[in-house]
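Colleague: Have a look at the structure that comes next, please.
The values are calculated or read from the model by the stated rules, or taken from the named source; none is laboratory data. For clarity, every value in this text was computed on a predicted model and none was experimentally measured. For neighbour counting, all protein chains shown are included, and Cβ atoms are generated from backbone atoms with ideal geometry for every residue, glycine included.
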Amino acid sequence: MELWAGGVGRPGGPAGRGVMVNQFHRAVFRMVRTIPRGRVMTYGQIAALLGAPRAARAVGYAMRHCPPGVPWQRVVNAQGGISLRANVDSMLTQRILLEQEGVTVRRGRIALDRYRWRSAPARRTIRLGALDRL
């Protein structure tokens, strides 16, 4: 069964949004969940850490469809700003949530040199059965 934004099922189901959540979106959501309170990451930073350095817009698209429990407010644009969106209320909500976490927002921007989370890239380990027996 495919996973759709907001739930499992088909378009027009309980979520009502009908946007399929693909592997890239799930990777974005996992990465965003690692950002600690009081820190932020940029769309491009997340894309680069996921191995797709030119996919900042795809990260933004994924964030528009993130499931409950993902701290979406911790993702900002490359200038440290809260990205413009059609729903102005969500921009205000993002600012309030960040300020509640201790992030200072001035003129709609966050000081990235102070609040940027620099996550280490995931290390891949290769298990060789022959070496396990040594």
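Colleague: Cβ-Cβ below 6 Å, separation at least six or inter-chain, first residue in the stretch 20-31 and over 14 Å from ALA47 (Cβ atoms), second modelled with pLDDT under 95 and of a type in the set (Gly, Ala, Ser): which pairs?
Modeller: Listed pairs, sorted by first residue: VAL21/ALA5.
Colleague: Name the residues in the stretch 42-55 that are more than 11 Å from VAL28 (Cβ to Cβ) and either touching a residue at least 60 places away in the same chain (Cβ under 8 Å) or not in a loop (DSSP other than H, G, I, E, B) (or both), would you?
Modeller: Of everything in the stretch 42-55, those that are more than 11 Å from VAL28 (Cβ to Cβ) and either touching a residue at least 60 places away in the same chain (Cβ under 8 Å) or not in a loop (DSSP other than H, G, I, E, B) (or both) turn out to be THR42, GLY44, GLN45, ALA48.
Colleague: Moving on to the next point. Inspect the stretch 68-88 for any residue being small (Gly, Ala, Ser) and in a helix (DSSP H, G or I) and give the result as yes or no.
Modeller: No, there is no match, as no residue in the stretch 68-88 is small (Gly, Ala, Ser) and in a helix (DSSP H, G or I).
Colleague: Further question: Evaluate the stretch 96-115: report whether one residue or more is among the β-branched types (Val, Ile, Thr), surrounded by fewer than 18 Cβ atoms within 10 Å (Cβ to Cβ) and either at pLDDT below 95 or not in a loop (DSSP other than H, G, I, E, B) (or both).
Modeller: yes
Colleague: I need a count of the residues in the stretch 70-94 that are modelled with pLDDT of 95 or more and either of a type in the set (Gly, Ala, Ser) or farther than 20 Å from ARG106 by Cβ (or both).
Modeller: 6
Colleague: Among the residues of the stretch 51-82, count how many are under 18 Å from LEU112 (Cα atoms), surrounded by fewer than 16 Cβ atoms within 10 Å (Cβ to Cβ) and within 14 Å of the chain's Cα centre (by Cα).
Modeller: So the count comes out to 1.
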